[in-house]
Every structure is written in structure tokens, then in C-alpha cells.
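Student: I am attaching a structure below and will ask some questions about it afterwards.
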Amino acid sequence: MRAHPWAHAGGITGGTAFATTVVGFTIVVGRVTDDVIIPGLDDPGSVAGRDIWVAVALVALVGLVRGLSVMVRRFFNFMGAMLTQRTWRLAIVDRYLDAPLNFYRSRSVGELLAHADADIEAASSMLMPLAFAVTVVVLVVLAVASLLIVHPLFALVALLLFPTLAVLNQIYTRAVEAPAARAQAMIGLVSGIAHESLEGVLVVKTLGREAAEVERLSEASEELRRERLAVGDLRARFDPILYSLPGIGVLVLLLLGVWLVGRGAVTIGEVVQAMTLFGILWLPVQILGFLFQEMPRSVVAMDRIDGVLGVEPEHRPDPNLAMSAVPESVEVQFQDVTYAYPDGTRVLDELSLSIAPGEVVALVGATGSGKSTIVALLSGLMPVSSGRISIGGVDVADLGPDGVAQLVAPVLQETFLFADTIRANLALDVDVSDNELRRVLRLVAAEGFVDELPDGPETIIGERGVTLSGGQRQRLAIARALLRRPHLMVLDDATSAVDPVVEAAILDNLRAHRGRTLLVVAHRLATIRLADRVLLLEDGRITAEGSHEQLLGVPGYAALARAYEEATP
Amino acid sequence: MTSFDGHDVLGPGDEPEPRALDDIAGAGALSVLRRGMAASPELRAGLSLSALMTLSVAGGRLIVPLVIQFVLDRGFVGGAVRFGLVVIAAGGALLLTVASIFVSQIVYRRLVGVAEAVLLGLRLRTFAHLHRLSLAEHTSAKTGVLTARVTSDVEALAKFAQWGAISWIVNSVQIVGVIVVMAVYSWQLTLVTLVVHLPLLPVLRDMQRRQLRAYDILRTRVGETMGVVAETVHGLEVVRTYGQREAVRGRLHKVIDSQYRQQMRAARYFSLVLPSTDIFGVAAVAAVIGSGVYWGTGWGVTSGELVAFVFLVNMLVTPITSLGETLDQTQTALAGWWKILNVLDTEVEVAEPSAGDVRPLPVGALAVVAEDVEFSYRGSDRVLHGIDVDLEAGSSVAVVGETGSGKTTFAMLLARLADPTSGRVLLGGVDLRSVSAEDRRGSVRMVPQDGFLFDTTVGNNIRFGRTGATDSDVEDAVAELGLGSWVSGLPLGLETRVGERGSSLSVGERQLVALVRAQLADPGLLILDEATSAVDPETEQTLERALEHLAEGRTTVSVAHRLSTAERSDTVLVFDRGLIVERGPHAELAVAGGIYEGLYASWLGNTRSQSS
């Protein structure tokens, strides 16, 4: 709220003008009734033409100002809410960029997206009603004051009627909350069943489960219908009452008014004024009730946003210092490196290893032995729990992710490509010549399929563009790494979906470049055999190293090698 | 303010299908209604009674201005007040109002009941119809769109039924009622009111169009923002290890700013539309007062009528505004309805045989014959050309070929997931088209490669293999495939939940579940579509052994991605561009000098290590 004072000031100004003109309009209508309408029609000729014009102009003018004030109020209130949304959104994405890796591991992508979209939407949905509430308070105060001036009994009717309306509204909102929430949950469930069933349509068909699936959806939909009927029932009970209550109030006013007119306490115009006010006032009061239905949802969303904004950014060394520390050599040293998950499970246990510049090393180990953790640590994606990793003698922690990026190009298990052109995906933010692009595409045996795409390297891939196969995506990811001309390349199972023949060709190409250090996490014997040295990783430690043939004597390694051999497609 | 409408529910990747909207524009709301009525018997039941009661509801809303007029005109005679008359009039009006509350409650409940019955019926009928459509209609690209038919489209209709539809009914009746009362008081003043309001309709329409367009662009902007955020989150490792953080930050800030700017563009309409109608209303009040006082005596207008008119004008503006606001919702709902109706009209290609045409399948392993089978997907090129196959009962057959060679389509036809465009498939001598769904379910089992599981327990997923299977049947099937130790190794055994699509299990484990499921059915023909993705080595061995057990005593057709499967088969069928180009035992084909020999040689060279 405090962050965007101008928008809120504009909103409050508009709101106050609105409240004033609403009450002003009813007073004008009342006076016009007394001074123009009644004498003009009951006693023809008694009202001068000029007076009629004044009355018309007055009604139109006050009405016009009322309409304009609504525009001002709505615009600035909207602006305030949108500015707040923007501020939150920027803060959240900044936090996404700077949070430590563990932050992501504990949340699903869906959740992260919801924070940046649905949660912000929900949290800010409270802002406009709040601003509107301020307006309504001013309006009610002015309205009651104007009625008090006319006659205290009129004010009394208002003070009885509008709180009743508000309370009934509140009771209705409360009562409807639970079934409405259940209905909402059921909508999710029904959608989930439909989605699962149609996504798995092949399995449904092969199992002949069509009827069972319809039955499953039918049960959930029936439940949804019941909840909706419960909501509908409440609405059926309350809606007509809430709608008719102001009318009843007007009838009471009429009765009271005529009696007071008879006693000479008020004029007919004043009764009309009060009745007009009732006719206008019920809408804001009711709208307010509906708007505050969103309140609990909004508070929950706000908590979630605060949860994200409360995350400490990961430690990043000063970029200038990090850049000046980037070493020439890429000799890798792991000294007693331990890495444990937040829950204490140790993935790497005082592991030490070293890789000399120019060496090709294969990392072999069973699923869960910690191979990918080694890759992530070496790439500067997360800090070690204890121990030290250095590249060319410089601590990775001092280099930071940006410094490490100068030396190491990792190609990770899950390939990620932006929904952009192939060229943009490969080059990222640097300028790349066509020759250079072709060179790396050739190295990863991708030139052929890239040229066959409609626009060659300029083809947009991904969600809105061409869909590539897993193997093709992996090859592009390797090309992206090669384009950096990295001193150290890390391939984490990066060719798993590539055809074995093509894979062998790519690895041969990578090896051919002497002086490049290569660390490969591999599952295929053909890949492993290419390495100068094989490291066997078991339970978070290196338990054996040597050439493939040498290691075949180690029982754990021999078993893995046999499994790889049989599993190779 | 909530942006939760059809477009959001659809989610990324689903086409918004602008064509459907154009269709309706051509067809008109009435024809949607007519088709919709025809498709939903629930909608026709008791319609006239509901309509009659709705009239009385709207009538109830006219009581107040009528009484005001009566009291102002008749309640005062000279200077005196006829209080008795006023009490009778106001009291009577109070009673009528209360009565109209009760009627409204009943009407409302009826309308909600009808609406919910219609929605339920429509959703279930559409869902059942979607499942009846052949697999050719269920391409992966369309899954989201088809799901939207029974989810977001029905929900759009539900939202409409709860707010929009009732608003249409009640408000349009109210508008007509108000105009009738006005006309009875004074047709001249009615004319004045209507003339002042006349420009409102085109102005409102124009502004709403612009507003819709602005919100449409806004939705695109929101989509763009979310697209970049999603990329940032998905690609976080690449973003960081390739030093792209600041570049991405720049992009994120840019799209967020551009979303904000579009929001403020939409804000213009948001703040303009509603007050504009109010201004027209006030103009009408001013015009009515002016002309009423000036000419009213000549027109025979009383002061009470003129005051009542002021109230009536207000009662005209509110429903017009409400209708304007529901216009957008109405369009979305009608578009959704239209799309649902189109689904219901989609012809079912794989029709089940009628009772008289059903022929039983023989028991045990089934011989497979394909006679001159051709296949093309609706409106596409032919995928299979004249396939002739004759497979002995109990034999094992491997189908190999490159992606797009037609091998998977061939397997689909054997399971009758689609029918051949021409030619026929015979199982155990019976045309597949005369086999009942139940027989097919029992005797023909395809194990698809994607290993999709339902989000429930392992045990339940297996049980889906055969209707009425008991716990011990499931355990027996597990034991028969030698998977006892695998199951006991799961956290909760058969009670382990598999997660969405089976995501808590590995690819290989999902396939194991699919195999046990098939074992439970005890089919005479087993069709296996091998997974292309890598399976971890330990599971792979378990899988191979389970497959061996499963294949015993059955005819097996495997769409093979690994040639070790072909090595073990009795016969190999080599597919190339929709034709079988080579067939015979592995040992013969491997040295025949054709496509298969080439495939086999390159596979061998890359997988066998020198040490073995």
C-alpha cells in the first residue's frame, strides 16, 4: 500500500468525490421534486422555464461529476493494485534468479509458477476492495448525516436496514464459504480425473476401462453437483432477501415519510431524497460483501509470497573479484568434499579426486551414488557442505557461478533449450559467426537435421516451434557448451537419448580436440572405453580408478559393466 | 478481477481455437441454444413452468415504483394525507414483496437444479463419447484440447449457468417490465428515456469490444511473462552455469513491465465502461424531469408518475449494465458449449459389433492374420500400404523399423485401437471387427511404451488388468512373473502409491506394472511396444525375465527398439515406409544383406564391448 502513494491518493480523491456526489445527487433530486416536479405538474404554469432548465442542468451536472469520479476512483485503484502486482512480480523473479539451488529442489515448478502468477493475483485482489471500502465508509457517513439533517427517523431506518443487509451478507458469505470451497476442490478433482483419463487414453483403451473411467468421473461430478446445489440452495435462500431488503426499506420510508409529511415535519421531496439514497446505497454495501469473500484466499496467497521473498539469496562473490580470480589452468581438485542434503543425508562423503588438464575421465557409479552431485558442485551450482573444490588452484566458492562459467561448460542430464531459435540457444548472449556455428553443429553431428528444419539454424524450437527429439536436443546442448570453447567440459549422461552410432562419433570428435579436459558421466561401455581414466563412485566416495580393463577386476565395477552391456539398447 | 476463465484453464500449449468462435458468429447464439437443447433432455424438462415463475419474480421488482406513484398521486388530497390508504397500499406492497421473495427462492432453486443436471449430463456424455473415439482422434497434441471440453468448457458453462444465464432471464424480463410500466404512465416520457439510452448500446458495445481486445492482448502478455518465468525455473541450471543470469533478469523485467503497461491500457476500459452507463442513466433522469415538467401536463403526467419514472429509469440502467457485463461470459460459455456439441457430433470410427454380428474368439494363443491392410489417419497420408501377415498361434514376432515406418500403427490395429482403412485383421480366424469389446479386453492385450499409470497404488494399477481381479489374483500374477522381490522392495509393497502418471516409479518399474497387468488378463495375443528410453540396468534384467514368463504360451508381437528382442523372436518383420520389406527368422535376416543386416551390424558394433 505504502509503496505507491500517488495511485492511492488518486483513488481516495476519486472515492471521496464519488461519495459526496452520490449524496449530493439525492439532495438535488429531492429539491427538484419539491420545487419543480410537484408544483410544475400539480399546479401547471407555476414553475418558470428558467427554473426547469436549472433543475435539469443541476441533475445532469451532479450526475456527470458522479460518473467521472467513479472513473477516477476505478482507474487509480486499479493502478495501485497493478503497480503492487508489478513490484511483487519483480521481487519474486529476482528471488528466483538469486535463490540457492535447494530452494528449487524443495518446490515443484508448478508451485514456483503459481507464486509468480496466481498467488500475486490473489494477494492483490484484496487491494481494490480495501480501497473501495474506504469509499463506502465515507459514503455511509455522509449518507447518514444527510438523512439526520432531513429527519432522525430516516437515519434510524438506514441504521437498522444497512447493518442488517451487511450482517445477512456476512452470514450468507460465511455459510457459502465451505460448500463453495468444497465445490472448488471438486472442480480440481474432476479436472484431474478427466485429464488423467484422457492423457492415459491409450492405456484406458488397451485395458478396456472406458466404462470404469466414465463411472469414476461420474462419481466425482455427482459430488461436485451436490456441492454446487448446496451453494445454489444458499444463494436461492439469501439472494432474493438481499435483493428485496432495500425495496422493503424504501416502502418503510414511504410509510414513515407520508406520516411525517402529514405532520409537516418533512417535505415530499425529502422523502424522495431518502428513497433515492436507499436505492443507490444498497449496491456498494452489497458489492463490498462480495469483494471481501476473496479475503481469506488473499491472505494465504500473501503468506506464500512472503515465504518466497524471505528466502536468503545464495552467496555470490563480487563479480569483478571473481573474474580477476579466474585461473589459466583447469586442474580440478576435490579435497575431502562432503555434500549433504538439508535433511542430513550425505551424498558425498569426504570425497577426493583430481583431474589433470587435458585428461578424459569417465565417472561411473550406480544410480544415486552421487555422480550428478559432483557435477553440480563442480559447476558452482551449489556450495559444498565441507571440504574444498578448486579449479586451477582457485576455490570454486571464490569464483562463484559466474567465474566458474568462464571455465566449465556442463551439459546436464536434463537438456534445457529456450523457446527461441537454434542460433540463439547456442550463442546465448554472444555473437557467433556462421562458420563457428556450423563447426560446432558438425562436431555434434547436428548439421544434417538442423539444415533440414524449415529455417535451418534460425528455426524456432520448443513450445511454439518445432519439436525436437530427445537425442537432437541433447546434441544441441553439447553444441552450446562447445561454442564457449570451454577448457573443461562436463557431460552428465548428456548423450543418453542419442543413437549409439552418433554418440560414438560425437565423443570421438570431442576427444580429438587435445588439451580440452573432459569429465563424462557415462552408462554406455562404448563411452567409458574412450576415457583415459575411469573413476568408480560408490556410496559417495571414489573406491577405484584406472582404465576400463584394469577396473574389470574390481567386483563392484564388473557387475555394473555387465549390467550396462546387457541394457544397452 | 479474477482472470480465471477458460483461457487460463487451458494452459500453455493448447491452441485457443479461434475458429470455433467464428463458427458461432456464423451460426448465432440461437442455433447453439437449439443444438444444446437437443443434446440435453434435462434442459427441456419443466421449462415452461420455470419461465412462468421467472415472470413473477421480475414482476415483484416493479412493486416499489408502482407504489411510490400511487402514494404520491393518491395519498395527498389538497393539504391532507389519506394515511389509511397509504398504509393499505404500502402494506399490500410489503406483503407482495415478501411473497415474491418466496417465489424467487423456488424459482432460483429450480433453475440451479436444472442447470446442474444439464451440466452433469453434458459432461458425462461428452467424456464417454471422447473415450469411444478411436485413438486416431487422441493424438498427444490434442489431449489438452479434449480435456478442456469436459473441464474448462463445462466450467465456463457452469459459471454462466450460475450468474450469466440467470442474469439474462431476470434482467431481460425486468427491462421489458419496466418499459411496459413506463409506457402505461406516459409513452412520451418512455420515448424520451429510450432515445437518451439509444446511443448507450453502440457505445457500450464498442467499448466492450475494445475492452475484450485489450484483455485479449493482456492475456497474451501474461502468457509471455509466465513463459519467461517458466523458462527461468526450468532452465535454471543452464542459466546459472552459462552466466546468463543478468540477461534473463533483463528479459524478465522487460516482460513484467510490458504486462504492467498492458494492464494499464486495459484499466482505461475497466474504469470507463461502468460509469458511462451511469452517466447515460443520469442524463435520462435529467431529460425525463425536464420534458416531464415542461410538457407533462399536456401529456397527462402526474407528479407521482414523474417521480416514479425517476426510479424506473434507475431500474432500467442496472439490468442493462449487468447484461453488458455478462456479455463476455456469455460468449465464452456459448463458444464452449458449441465446442462440446461438436465433440458429441464427432463420429465414432471404431464401432462395436451389434449383438448379432459378434463372434467369439478361440481360447488360448491366437493366430494373427492381416489381409491387405492399409491405414491412414483422418485426412492424412497413408501410413500402411497393403500389409499381409500370417502369424502362427503361440509364435513370437518382432516388428522392427525406423521411426515413422508404420510399425507402431500396425501394432495399434492388432489391438483395434483403430480400424484399417481397408483390408482386415483376423485373430484366431475371426475378423477383429466382429469381436466383442469384452472378448477383446480379455484376449488381446497391448502394453504401450509410455508406461502410463493411474495415480493410485501399484496394486490398484495392476488390478485394472482384469475386471473383478482379487488381491490374491494380483499376488499370483506378480509371482508368476517372478516379481515378488521387486514388489516387496517397494516402500509399501502393492500399497505403494505411484504418483501422477506413475512418476514416483522409474520408467522400468512402470513397465513392470504394465506387464503384471497383462499377465492378470491372461491374453491370447500380447502386443508389446518397447520403450525407447533408457531403463536402469538392474530393472532391465528384471524386466527381461518378466517378459519371458509373460510371453509363455501366447502369441507375442513386439515392436522392438532393441535388437536383442529380435534375436530371441521366431520371426522378424522389417517395416520400411509403411511396407514389410523383409521377414523371416533373425538368423536368416542377419546375413541376408538387406536393411536388417545393416541395422543389426551397427547395433552390434556399438553395444558389445570387446571384453565379452
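Student: Select, from B:Gly324, B:Gly336, the only residue that is assigned by TED's automatic domain parsing to the domain that holds B:Gly144, at negative phi and in contact (Cβ under 8 Å) with a residue 60 or more places away in the chain. Give the steps one after another, and end with the answer.
Tutor: Numbers: B:Gly324 fails: assigned by TED's automatic domain parsing to the domain that holds B:Gly144.
When all the criteria are applied, what remains is B:Gly336.
Student: It is to be established whether one or more residues within the stretch A:89-110 are in contact with a Phe, Trp or Tyr (Cβ under 6 Å, 6 or more places away or on another chain) and at the interface with chain B (Cβ under 7 Å from one of its Cβ atoms).
Tutor: Taking the stretch A:89-110 first, the residues in contact with a Phe, Trp or Tyr (Cβ under 6 Å, 6 or more places away or on another chain) are none.
Checked against the condition, which is being in contact with a Phe, Trp or Tyr (Cβ under 6 Å, 6 or more places away or on another chain) and at the interface with chain B (Cβ under 7 Å from one of its Cβ atoms), the stretch A:89-110 yields no hits at all.
Student: Of all residues in the stretch A:253-312 being within 33 Å of the chain's Cα centre (by Cα) and among the polar types (S, T, N, Q), which is nearest to B:Phe83 (Cα to Cα)? Show your work before the answer.
Tutor: The initial filter retains those residues of the stretch A:253-312 that are within 33 Å of the chain's Cα centre (by Cα), namely A:284-312.
After this cut, where a residue has to be among the polar types (S, T, N, Q) as well, the list is A:286, A:293, A:298.
On the way: A:Gln286: 33, A:Gln293: 44, A:Ser298: 52 Å.
Checked the stretch A:253-312; the qualifying residue nearest to B:Phe83 (Cα to Cα) is A:Gln286.
Student: Hey, any hits in the stretch A:190-211 for a residue that's surrounded by 17 or more Cβ atoms within 10 Å (Cβ to Cβ) and touching a residue at least 24 places away in the same chain (Cβ under 8 Å)?
Tutor: Within the stretch A:190-211, the subset surrounded by 17 or more Cβ atoms within 10 Å (Cβ to Cβ) is A:190-191, A:193-210.
When the remaining residues are screened for being touching a residue at least 24 places away in the same chain (Cβ under 8 Å), the result is A:190, A:193.
Yes, some residue in the stretch A:190-211 is surrounded by 17 or more Cβ atoms within 10 Å (Cβ to Cβ) and touching a residue at least 24 places away in the same chain (Cβ under 8 Å).
Student: Check whether at least one residue in the stretch B:403-413 is surrounded by fewer than 20 Cβ atoms within 10 Å (Cβ to Cβ), at pLDDT below 90, part of a loop (DSSP other than H, G, I, E, B) and not charged (D, E, K, R), and report yes or no.
Tutor: Taking the stretch B:403-413 and keeping what is surrounded by fewer than 20 Cβ atoms within 10 Å (Cβ to Cβ), we get B:403-404, B:408.
So of that shortlist, the ones also at pLDDT below 90 come out as B:403-404, B:408.
Still in the list and also part of a loop (DSSP other than H, G, I, E, B): B:403-404.
Then drop every residue that is not not charged (D, E, K, R), which leaves B:403-404.
Yes, because at least one residue in the stretch B:403-413 is surrounded by fewer than 20 Cβ atoms within 10 Å (Cβ to Cβ), at pLDDT below 90, part of a loop (DSSP other than H, G, I, E, B) and not charged (D, E, K, R).
Student: Count, please, the residues in the stretch B:258-281 that happen to be under 34 Å from the mean Cα position of the chain (by Cα), facing chain A (nearest Cβ under 7 Å) and either free of Cβ contacts under 8 Å to residues at least 12 places away in the same chain or farther than 25 Å from B:Asp206 by Cα (or both).
Tutor: 4
Student: For the condition part of a helix (DSSP H, G or I), surrounded by 16 or more Cβ atoms within 10 Å (Cβ to Cβ), more than 12 Å from chain A (Cβ to nearest Cβ) and of a type in the set (A, V, I, L, M, F, W, C), what is the one hit in B:Val238, B:Val181? Break it down stepwise before answering.
Tutor: Working: B:Val238 fails: more than 12 Å from chain A (Cβ to nearest Cβ).
Result: B:Val181 is the single residue among B:Val238, B:Val181 that is part of a helix (DSSP H, G or I), surrounded by 16 or more Cβ atoms within 10 Å (Cβ to Cβ), more than 12 Å from chain A (Cβ to nearest Cβ) and of a type in the set (A, V, I, L, M, F, W, C).
Student: Also, quick follow-up: Could you pull out the residue among A:Val22, A:Val70 that is aliphatic (A, V, I, L, M), within 7 Å of chain B (Cβ to nearest Cβ) and surrounded by 17 or more Cβ atoms within 10 Å (Cβ to Cβ)? Reasoning before the result, please.
Tutor: Details: A:Val22 fails: within 7 Å of chain B (Cβ to nearest Cβ).
None of the other options fit; the residue is A:Val70.
Student: For A:His523, work out the one condition from (1) touching an Asp or Glu at 6+ places or on another chain (Cβ under 7 Å); (2) more than 9 Å from every other protein chain (Cβ to nearest Cβ) it doesn't fulfil.
Tutor: Against the list (1) touching an Asp or Glu at 6+ places or on another chain (Cβ under 7 Å); (2) more than 9 Å from every other protein chain (Cβ to nearest Cβ), A:His523 comes up short only on (2).
Student: Restricting to the stretch B:337-353, count the residues that are small (Gly, Ala, Ser) and more than 29 Å from B:Arg554 (Cβ to Cβ).
Tutor: Keep residues of the stretch B:337-353 that are small (Gly, Ala, Ser), which gives B:351.
Pick out the ones that are also more than 29 Å from B:Arg554 (Cβ to Cβ) and you get none.
The number of residues fulfilling the criteria is 0.
Student: Before we move on, is B:Thr297 in contact with a Pro (Cβ under 6 Å, 6 or more places away or on another chain) and either surrounded by fewer than 20 Cβ atoms within 10 Å (Cβ to Cβ) or more than 7 Å from every other protein chain (Cβ to nearest Cβ) (or both)?
Tutor: Numbers: in contact with a Pro (Cβ under 6 Å, 6 or more places away or on another chain): yes; either surrounded by fewer than 20 Cβ atoms within 10 Å (Cβ to Cβ) or more than 7 Å from every other protein chain (Cβ to nearest Cβ) (or both): yes.
It is true that B:Thr297 is in contact with a Pro (Cβ under 6 Å, 6 or more places away or on another chain) and either surrounded by fewer than 20 Cβ atoms within 10 Å (Cβ to Cβ) or more than 7 Å from every other protein chain (Cβ to nearest Cβ) (or both).
Student: Might you check whether a residue that is in contact (Cβ under 8 Å) with a residue 12 or more places away in the chain, assigned by TED's automatic domain parsing to the domain that holds A:Arg511 and over 30 Å from A:Ala340 (Cβ atoms) occurs anywhere in the stretch A:398-418? Walk me through how you get there before you give the answer.
Tutor: Narrowing the stretch A:398-418 to residues in contact (Cβ under 8 Å) with a residue 12 or more places away in the chain: A:398-413, A:415-418.
Checking the rest, the ones that are also assigned by TED's automatic domain parsing to the domain that holds A:Arg511 come to A:398-413, A:415-418.
Okay, now just the ones that are also over 30 Å from A:Ala340 (Cβ atoms), so A:417-418.
Yes, the stretch A:398-418 has at least one match.
Student: Hey, another quick one. Which residues, taken from the stretch B:398-412, are among the aliphatic types (A, V, I, L, M) and within 16 Å of B:Ile595 (Cα to Cα)? Break it down stepwise before answering.
Tutor: Step one: filter the stretch B:398-412 for residues among the aliphatic types (A, V, I, L, M), giving B:398-400, B:411-412.
Once the filter is applied, which keeps residues that are among the aliphatic types (A, V, I, L, M) and within 16 Å of B:Ile595 (Cα to Cα), the stretch B:398-412 yields B:Ala398, B:Val399, B:Val400.
Student: Among the listed residues B:Val307, B:Val301, B:Val313, B:Val343, identify the single one that is among the β-branched types (Val, Ile, Thr), outside any helix (DSSP H, G or I) and touching a residue at least 24 places away in the same chain (Cβ under 8 Å). Reasoning before the result, please.
Tutor: On the way: B:Val307 fails: outside any helix (DSSP H, G or I); B:Val313 fails: outside any helix (DSSP H, G or I); B:Val343 fails: outside any helix (DSSP H, G or I).
Criteria check complete, one pass: B:Val301.
Student: Taking only the stretch A:395-417 into account, find how many residues are over 20 Å from A:Leu491 (Cβ atoms) and either facing chain B (nearest Cβ under 8 Å) or in contact with a Ser or Thr (Cβ under 6 Å, 6 or more places away or on another chain) (or both). So that I can check it myself, show each step before the final result.
Tutor: Pass one, the stretch A:395-417, residues over 20 Å from A:Leu491 (Cβ atoms): A:395, A:397-400, A:402-403.
Restricting the remaining residues to those that are either facing chain B (nearest Cβ under 8 Å) or in contact with a Ser or Thr (Cβ under 6 Å, 6 or more places away or on another chain) (or both) gives A:402.
Of the residues in that region, 1 qualify.
Student: Based on what the data block shows, is A:Val411 closer than 25 Å to A:Ala322 by Cβ and modelled with pLDDT under 85?
Tutor: Considered against the rule, which asks whether it is closer than 25 Å to A:Ala322 by Cβ and modelled with pLDDT under 85, A:Val411 comes out as no.
Student: OK, next. Filter the stretch A:488-501 for residues that are in contact (Cβ under 8 Å) with a residue 40 or more places away in the chain and under 24 Å from B:Tyr242 (Cβ atoms); which is surrounded by the fewest Cβ atoms within 10 Å (Cβ to Cβ)? Show your work before the answer.
Tutor: Here is the first cut: in the stretch A:488-501, the residues in contact (Cβ under 8 Å) with a residue 40 or more places away in the chain are A:488-494, A:496, A:500.
Now drop any that are not under 24 Å from B:Tyr242 (Cβ atoms), which leaves A:488-494, A:496.
Numbers: A:Leu488: 24, A:Met489: 24, A:Val490: 26, A:Leu491: 27, A:Asp492: 23, A:Asp493: 22, A:Ala494: 26, A:Ser496: 18.
That would be A:Ser496.
Student: Hey, another quick one. Any idea which of (1) at the interface with chain A (Cβ under 8 Å from one of its Cβ atoms); (2) out of contact with any helix residue (DSSP H, G or I) (no Cβ under 8 Å at 6 or more places or on another chain) is the one B:Glu347 doesn't satisfy?
Tutor: Against the list (1) at the interface with chain A (Cβ under 8 Å from one of its Cβ atoms); (2) out of contact with any helix residue (DSSP H, G or I) (no Cβ under 8 Å at 6 or more places or on another chain), B:Glu347 comes up short only on (1).
Student: Hey, another quick one. Identify, from the list B:Ala115, B:Ala161, B:Ala136, B:Ala128, the residue that is over 22 Å from B:Ser48 (Cα atoms) and either buried (at least 23 other Cβ atoms within 10 Å of the Cβ) or modelled with pLDDT under 85 (or both). Can you show your working first?
Tutor: Working: B:Ala115 fails: over 22 Å from B:Ser48 (Cα atoms); B:Ala161 fails: over 22 Å from B:Ser48 (Cα atoms); B:Ala128 fails: either buried (at least 23 other Cβ atoms within 10 Å of the Cβ) or modelled with pLDDT under 85 (or both).
None of the other options fit; the residue is B:Ala136.
Student: Please find, among B:Leu146, B:Leu212, B:Leu204, the residue that is part of a helix (DSSP H, G or I), farther than 26 Å from A:Pro240 by Cβ, modelled with pLDDT under 85 and within 9 Å of chain A (Cβ to nearest Cβ). Don't jump to the end; show me each part of the working.
Tutor: On the way: B:Leu212 fails: within 9 Å of chain A (Cβ to nearest Cβ); B:Leu204 fails: within 9 Å of chain A (Cβ to nearest Cβ).
The conditions single out B:Leu146.
Student: In the stretch B:442-451, what residues are facing chain A (nearest Cβ under 7 Å) and either more than 28 Å from the chain's Cα centre (by Cα) or at pLDDT 85 or above (or both)?
Tutor: Answer for the stretch B:442-451, where residues must be facing chain A (nearest Cβ under 7 Å) and either more than 28 Å from the chain's Cα centre (by Cα) or at pLDDT 85 or above (or both): B:Arg445, B:Met446.
Student: On the basis of being more than 30 Å from A:Gly279 (Cα to Cα) and either of a type in the set (A, V, I, L, M, F, W, C) or at pLDDT 85 or above (or both), does B:Glu349 make the cut?
Tutor: On the way: more than 30 Å from A:Gly279 (Cα to Cα): yes; either of a type in the set (A, V, I, L, M, F, W, C) or at pLDDT 85 or above (or both): no.
It is false that B:Glu349 is more than 30 Å from A:Gly279 (Cα to Cα) and either of a type in the set (A, V, I, L, M, F, W, C) or at pLDDT 85 or above (or both).
Student: Let me ask something additional. Do any residues in the stretch A:228-254 that are polar (S, T, N, Q) have Cβ atoms under 6 Å from those of residues that are in a helix (DSSP H, G or I) and buried (at least 18 other Cβ atoms within 10 Å of the Cβ), where the two are at least six apart or on different chains, and which pairs are they?
Tutor: If the second residue must be in a helix (DSSP H, G or I) and buried (at least 18 other Cβ atoms within 10 Å of the Cβ), the pairs left are A:Ser244/B:Thr97; A:Ser244/B:Ile101.
Student: Working only within the stretch A:414-455, note down all residues that are surrounded by 18 or more Cβ atoms within 10 Å (Cβ to Cβ), of a type in the set (S, T, N, Q) and in a loop (DSSP other than H, G, I, E, B).
Tutor: A:Thr415
Student: Among (1) closer than 30 Å to A:Phe238 by Cα; (2) crowded, with 22+ Cβ neighbours inside 10 Å; (3) facing chain B (nearest Cβ under 10 Å), where does A:Ala131 come up short?
Tutor: Among (1) closer than 30 Å to A:Phe238 by Cα; (2) crowded, with 22+ Cβ neighbours inside 10 Å; (3) facing chain B (nearest Cβ under 10 Å), A:Ala131 violates only (3).
Student: List every residue pair whose Cβ atoms lie under 9 Å apart, where the two residues are 6 or more positions apart in sequence or sit on different chains, the first residue falls within the stretch A:450-465 and is under 11 Å from A:Arg423 (Cβ atoms), and the second residue, located anywhere, is crowded, with 16+ Cβ neighbours inside 10 Å and at pLDDT below 85.
Tutor: Pairs found: A:Thr459/A:Gly465; A:Ile460/A:Ala419; A:Ile461/A:Ala419; A:Ile461/A:Leu468.
Student: Looking at the stretch A:305-317, I want the residues that are surrounded by 13 or more Cβ atoms within 10 Å (Cβ to Cβ) and have a partner that is outside any loop (DSSP other than H, G, I, E, B) and of a type in the set (Ser, Thr, Tyr) with Cβ atoms under 9 Å, at least 6 apart or on another chain. Which pairs are those?
Tutor: Correct list of pairs: A:Val308/A:Tyr96.
Student: Separate question: Just a yes or no: is a residue in the stretch A:35-50 within 22 Å of A:Gly257 (Cα to Cα), facing chain B (nearest Cβ under 10 Å) and touching a Lys or Arg at 6+ places or on another chain (Cβ under 8 Å)?
Tutor: no
The values are calculated or read from the model by the stated rules, or taken from the named source; none is laboratory data. Model, not experiment: these values are computed from the prediction. Backbone-built Cβ (ideal geometry, glycine too); neighbour counts: all protein chains shown.
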